[in-house]
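I have placed the structure first, in the form of structure tokens, so that the comments after it can refer back to it.
The values are calculated or read from the model by the stated rules, or taken from the named source; none is laboratory data. Model, not experiment: these values are computed from the prediction. Reconstructed Cβ throughout: ideal geometry from the backbone, glycine too, with neighbour counts over all protein chains shown.
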């Protein structure tokens, strides 16, 4: 369809050496905790709540994993972008 | 008590931290927490139960807060404790427990236990060793809550007043951060691996530790005499006289080696033919300056400043930076402190900053390029550096220089900053040495032109090797091609050093190469004035320098420059200096050439 709403998902690849470990997950969770509605991270068929460090860790994302970040409310678009940038920037590691 | 029937037992574990200690066992007992009651909560009491749980979590949080506040700042596990504080309120733990209390109408301890055991199952089945060990974090966090719920006493490690060896199923970062070095000889645990917190902390505290022993807490009783051999990863319970003697000897031998090497390291590194070299430390945070002093560093050859920009919503203020620089300068004065300006893309470090993507960040907007594009960010740092320079011996090092322009522009900014500081009446010192980091091939080729504009060169071998050989050493497919001894690299080092000598400026090296004993004959032959490395490498490098004659290394380097490959260069080093090197490196043994990358 043309004129579709802004995309509510972003696909990114984990680039930092350690993958999604406790500290990087904590950074994501911190951003996601400010959202209006739920923020999700999906790897393969498994979906995790982005505001939970433990849930994110259970995805077992190593370097090179492809993940999809999704939001449920358009108001959280900045958070979606910020998380995607964080991941693509290798968490500043 | 001495009992005649006690048999010597050897338990094998993982050697987490080197050294040997002999002493009495002190068991840190957490049992009792495992036996939890399970009872039904009537519906109208559910909200009370949830409140009880929340209070227990809050208390755990307050306890951790207090421990963090009282921990010596130089202990790096503080951030682990901060992760634990975040986990306390994590949805998968906190939220899920509350849900379980409601759904099953059970007491909080029982609900938490179920949630935790499900979580641990998930983590323990993971492929990645790091993630598997995170199950320990979950256990530590939930133990803290459960102890508050059942009202059990937490073992207070800080109150131990005997010289003992700690025996525990596991030690949490909160436990280990309270360990008083004077009282603990070593520690051993049932759980954990080399990468676990216990191992990391033992190495940081430099006390022997063996982890992953499985059965230590069952086989060892309080006051049992035990030997911890952190070198081989063995624990001996009820040792015989003969075993005790053997280990006492080994211990003396090891301690002597360490004492000699540490004592010697305070003296200058002067070669056998009387040439003095400065051996400096690389640091990232102000706390590390104490390691540099302890290991006998002659100054700071590389103070990385990125650290202060990470994990924060905004750029650090000038005053914050000034404090961090002054802390180091004050401790080192009158020895030099080389402050390298921001070596990353600052926007990417900030947590909330929305920055654009780069396809190839290594060739992108970073280091000096970023700083010159964001003069306000750069000036902020330059002001802090010039102010710190008024308090001691400060040098400024510009990273990733690839053209003369970058030096000219940086100097221009330094002048502007100095002028405004002057106008404001702030104390500063503009008269400091400025150096260029040589880590881009173009800088090597243009070294003669760059040398006209700076007081010193500092070669950053890590990046120079990657940029010159076109190797990303993080890429496993090509990492084996990352070879510091590649003849191309050695010729570049030699060329840069020759130009520096000709132009009368100083030549330093601050990459990993400088801290590798094996590379020292080569670096001396090339004519380095100063080597900078991680603090722990300083003693052994000083030792190697003392055993070499600079004059010999100069003729040696001529042979090195004829070598066609990294492998033949390595063999030449080994043939010429192998015996000296292995003599100086007690524990390392002889070095093998590896077709893989250095790390």
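Which one of B:32, B:19 is within 35 Å of the chain's Cα centre (by Cα) and at pLDDT below 90?
Among B:32, B:19, only B:19 is within 35 Å of the chain's Cα centre (by Cα) and at pLDDT below 90.
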Inset, instruction - Working only within the stretch B:129-145, note down all residues that are touching a helix residue (DSSP H, G or I) at 6+ places or on another chain (Cβ under 7 Å), more than 16 Å from residue B:64 (Cβ to Cβ) and more than 7 Å from chain A (Cβ to nearest Cβ). - result: B:132, B:135
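Could you look through the stretch B:105-128, keep only residues that are more than 9 Å from chain A (Cβ to nearest Cβ) and over 20 Å from residue B:56 (Cα atoms), and pick out the one that is surrounded by the most Cβ atoms within 10 Å (Cβ to Cβ)?
B:120
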Inset, instruction - Scan (1) closer than 16 Å to residue B:436 by Cβ; (2) assigned to a helix (DSSP H, G or I); (3) in contact with a helix residue (DSSP H, G or I) (Cβ under 7 Å, 6 or more places away or on another chain) for the single condition residue B:411 breaks and write down its number. - result: (3)
Inset, instruction - Examine the stretch A:16-38 for a residue that is surrounded by 14 or more Cβ atoms within 10 Å (Cβ to Cβ) and on the phi > 0 side of the Ramachandran plot, and state whether such a residue exists. - result: yes
